[in-house]
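S.K.: For reference, the structure I am asking about is given below.
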Amino acid sequence: MIYYYLFIKRKMYEGQTLLNINNHLVREENHTSRYAKQHPIITGLKRTIPNVITMILELLNAFIILQYTETLVNDPVLIGFLTVISAVSGDIGLQTSSATTRVVDFKEYYKGCCSQLGKELISVISQSSILFILYGIICSVWTFYLDKENYLMYGFVMSISLLISNIFAGIMGTLTPLFFNHVLKVDPTHFAGPLETTFQDIVGYLVTLNLAKIFL
């Protein structure tokens, strides 16, 4: 009798749990579920809009580079160092953007804007501290073999530029998905990545080229 009673209670519990899960899935439709149902052509068209915006905004980087033509012509190694800073900080921005997008799509794990920003900043600073040292060493050694007298300053300037770009990329990578999700109510996967990358490039180029012009 007791066994039969426990068996019935267990089945009732499993049934209620399944019902709660189904109700939650029906009630909490999110960007992920809508994406799964969406036609690929519609998805492509929606993604084209931020691509066009990115294309236009990236022209600002071309304008910035043109203002520092003399600096780059006199010291072409900066061009190579710039591409690394852009790539690494862009990678960090996309990492934080992807992580934040994942969190906000599942509301039970989202603890608020400040909490998410603080968590991502700690992650960015921890990884950037390692990259700061590593990139400084690489740039110093590289310019040493290029017979640059101030090779240590090259390492310092490039590592500082990378650190600043990484932190800014982490902030933008966290805030842009939150902005598009909570304020504009659109899927952040379409807009957050491209726009974050654009603004991170602008800041990275400005910081690097200005520091290079002053100290190198």
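Any read-out appearing in this document is the output of simple, stated calculations on the displayed coordinates, not a laboratory observation. Every value quoted in this text rests on a predicted model; they were computed, and no experiment measured them. Methodologically, a virtual Cβ is constructed for each residue, glycine included, from the backbone with ideal geometry; neighbour enumeration extends over all protein chains shown.
S.K.: Of all helices (runs of 4 or more DSSP H) completely enclosed by the stretch 36-109, which ones contain at least 1 residues that are in contact with a His (Cβ under 8 Å, 6 or more places away or on another chain)?
M.R.: In the stretch 36-109, 40-67, 77-104 are the helices (runs of 4 or more DSSP H) which contain 1 or more residues that are in contact with a His (Cβ under 8 Å, 6 or more places away or on another chain).
S.K.: Also, I was wondering about something else. Phe132 passes all but one of (1) of a type outside the set (Gly, Ala, Ser); (2) without any contact (Cβ under 8 Å) to a residue 40 or more places away in the chain; (3) farther than 17 Å from Val207 by Cβ; (4) in a helix (DSSP H, G or I); which number fails?
M.R.: (3)
S.K.: When only residues in the stretch 58-101 that are of a type in the set (Asp, Glu) and farther than 17 Å from Glu196 by Cα count, which is surrounded by the most Cβ atoms within 10 Å (Cβ to Cβ)?
M.R.: By that ranking, first place goes to Asp75.
S.K.: Give the residues of the stretch 162-215 that are surrounded by 19 or more Cβ atoms within 10 Å (Cβ to Cβ), of a type outside the set (S, T, N, Q) and more than 18 Å from the chain's Cα centre (by Cα), sorted by residue number.
M.R.: Answer for the stretch 162-215, where residues must be surrounded by 19 or more Cβ atoms within 10 Å (Cβ to Cβ), of a type outside the set (S, T, N, Q) and more than 18 Å from the chain's Cα centre (by Cα): Val207, Leu209, Ala212.
S.K.: I need a count of the residues in the stretch 49-102 that are under 12 Å from Asp201 (Cα atoms) and hydroxyl-bearing (Ser, Thr, Tyr).
M.R.: Here the count works out to 4.
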